[in-house]
Structure formats: structure tokens, C-alpha cells
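Read the structure below first, then the notes.
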Amino acid sequence: MSQQQQQQQQQQSVPTIAALLNQQLHRGEQQPPSSKFQLSEKKMIKRSLVLDKVCIIFGELIATAFLIYLGCMGCVQTTVIVNSHIQSAISFGFVVLICIQCFGCVSGAHLNPAVTLASYVYRQISLPMALAFFVAQMLGAFIGYGLLKASLPDNIICSSITPQGACLTTVASGVAIWQAVLIEFLITCVLITICCGVWDPRNAKFQDSVPVRFGLAIACLSLTAGQFTGASMNPARSFAPAVWNNAWENHWVYWVSPLAAALVTSLVYKHVFRRQVNDAEKPIEGNESQP
């Protein structure tokens, strides 16, 4: 074979730049770019996670509004509408049962900033979600009592028996402030201990009657301590009636005691009673933080 023929054969075997570009374009048309699909899939997953979190926070807002609207309606008392301490306590217990049954699978139905604080300490929820829960609970409580004010006449909300407003948590006459702080602290410790017991991994198989347990627990604590401090155990539950009726006397008690009790009790239970097998796990972002 001559040298000229060998050069011609090499030129035919080497593709030109135009041919390479054309070939690459055809490949792009025939095969979908995986990177674009991966990017689109990531966006869809991120959007789904955001929607899930919005659903969780909205569920917590609605659940807290239910708690305040129905619970405080059960505390209304006038000379015509007969209501007793026992009725109010049982009513709040049943309302908690309803809220957890309806929204426990959505947001966990904390209904209470103290429970959310304990959940964060117990590594059931992340800090951003805990803050979002707090905002939802306060707003939900505000809306719930607002609906109560819209549903009932003013002379029923502020009657001769409850002149400052229905469902206000106040310190009973004869009870010292330090005693009220201690009562609210201790009954909230009991509530948070129940929450930590439910969250305990050893109790994972016994979740079927959680709404009933919490409803009865709230009823019991309200029956025992309600006549002395109102048995709030919940800053949101005390905040809504106070802000709507502009009644702030000793209101700080219902923030300091429940939150301090939640912090102390959750730390003690976590480090003393709970097995540490799940402590390395990441905080739960969603609806598995059910109390």
C-alpha cells in the first residue's frame, strides 16, 4: 500500500469536529439527561417536605383552637348556665381526648408550649419545628377564644360569677403566689412525665389508647388543682383568655411554672429513666412526636 493511500485511510477513520458535535446532539435527543431528572426529583421532594411541615403546623394550630374553644366553652358559668368545677375539669379532659384523636396523627397534638419544649429536650422535634409549633399554638389559642367570644354574648362570657371573663386561670384567694407557682410546677411535672413515658421507646407498642390516657390525666389534674390555680399547665391556654379579656394579674405564673417544669422533668426523665438507645437519632420533624 502506498503512503498516499495510508494517509487517505487515516483521514477517513478520524471523525471531524462537526461530526462529533452532531453525534453528541443526536445522543442528547435520544437519551434524557439524568441530571435534569435528578434536579427535578429533588425539587419535588423538597416541595413535598415543605408541604408536609405546613400541614403539621396548620394541624397544630387547628388542634389548639379546638382545645380553647371547646374547653373554655365548658367553663362558662352564669346564674342561668349552671356549671361546676367537676364539669369543667371533665370537659377539658374530653376535649384533650378529641384533639389528640383527631390531630395526633397530623402534628402530634402537643396543644401546649410546655409539651413542645419537653419534646425538643427529649429529641422528638427539632428547634425550628419547636418554634413553629409555639407560634401555631399561640395563634390557635387566640383564634379559639376569639371564636368563643363570637359564639356567645358578652354577658355570658363576663357574667356576675366570672366578671373578668370565662376560663381565666387565676390564683384563688388565700393561696400565696409561691404556692401557686409550686402547684402549677408540680402538676405540669406530672403531665410531662406522662408525655415522656409515652415517648419512651419501651412504650412504643402501647400507643392505642394515648388519647384516652391523656384525656383522663388532664381531667384528674384539673380536678385536683383547678380550684387553686385553674390547673393551666399550658401557657397558651392561659394566654388566650388573658389577652381577650385584658386580665393579666399573676399571669407570669402560668408561663414560668409550666415551662420550668417541662425543662426539668424532660431532662430528668431523659437522663435518668430513659434508655439511651435512640439518643443518637436525628430529631423527628413530623407527626411522630405525639404526646
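Here are the numbers for the structure shown:
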| read-out | value |
| --- | --- |
| Residue match in segment 227-237 (condition: of a type in the set (Val, Ile, Thr) and more than 22 Å from Ser88 (Cα to Cα)) | no |
| Residues within segment 100-150 that are open to solvent by less than 10 Å² (accessible area, probe 1.4 Å), closer than 15 Å to Phe239 by Cβ, over 12 Å from the mean Cα position of the chain (by Cα) and of a type outside the set (A, V, I, L, M), tallied | 2 |
| Matching residues, segment 193-244, being at pLDDT 90 or above and among the β-branched types (Val, Ile, Thr) | Thr193, Ile194, Val212, Ile218, Thr224, Thr229, Val243 |
| All positions within segment 79-99 that are open to solvent by 60 Å² or more (accessible area, probe 1.4 Å), outside any loop (DSSP other than H, G, I, E, B) and without any contact (Cβ under 8 Å) to a residue 24 or more places away in the chain | Gln87 |
| Residue in segment 260-274 that is in contact with a Phe, Trp or Tyr (Cβ under 9 Å, 6 or more places away or on another chain), in contact (Cβ under 8 Å) with a residue 40 or more places away in the chain and buried (at least 24 other Cβ atoms within 10 Å of the Cβ) present | yes |
| Long-range neighbours under 7 Å by Cβ, at least six apart or interchain, first residue without any contact (Cβ under 8 Å) to a residue 24 or more places away in the chain within segment 131-143, second open to solvent by less than 20 Å² (accessible area, probe 1.4 Å) and not aromatic (Phe, Trp, Tyr) | Phe134/Pro113; Phe134/Thr116 |
| Residues that are in contact (Cβ under 8 Å) with a residue 24 or more places away in the chain, open to solvent by 10 Å² or more (accessible area, probe 1.4 Å) and not basic (Lys, Arg), drawn from segment 235-259 | Phe239, Val243, Trp244, Asn245, Ala247, Glu249, Asn250, Val256, Leu259 |
| Boolean, Val190 is in contact with a Gly (Cβ under 8 Å, 6 or more places away or on another chain), within 22 Å of Phe273 (Cβ to Cβ) and buried (at least 16 other Cβ atoms within 10 Å of the Cβ) | no |
| Residue tally, condition in contact with a Gly (Cβ under 8 Å, 6 or more places away or on another chain) and polar (S, T, N, Q), over segment 218-249 | 3 |
| Single match in Asp200, Asp208 (criterion: surrounded by fewer than 21 Cβ atoms within 10 Å (Cβ to Cβ) and without any contact (Cβ under 8 Å) to a residue 60 or more places away in the chain) | Asp208 |
| Single unsatisfied condition, Thr64 versus (1) among the hydroxyl-bearing types (Ser, Thr, Tyr); (2) more than 18 Å from Phe239 (Cα to Cα); (3) open to solvent by less than 30 Å² (accessible area, probe 1.4 Å) | (2) |
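The values are calculated or read from the model by the stated rules, or taken from the named source; none is laboratory data. Quick caveat: nothing in here was measured; it's all calculated off a predicted structure. Quick reminder, even Gly has a Cβ in these numbers, built from the backbone with ideal geometry, and neighbours come from all protein chains shown. The protein model used for the area step is the full one, side chains on, heavy atoms only, and it has no ligands, DNA or RNA in it. Shrake-Rupley method; radii C 1.70, N 1.55, O 1.52, S 1.80 Å.
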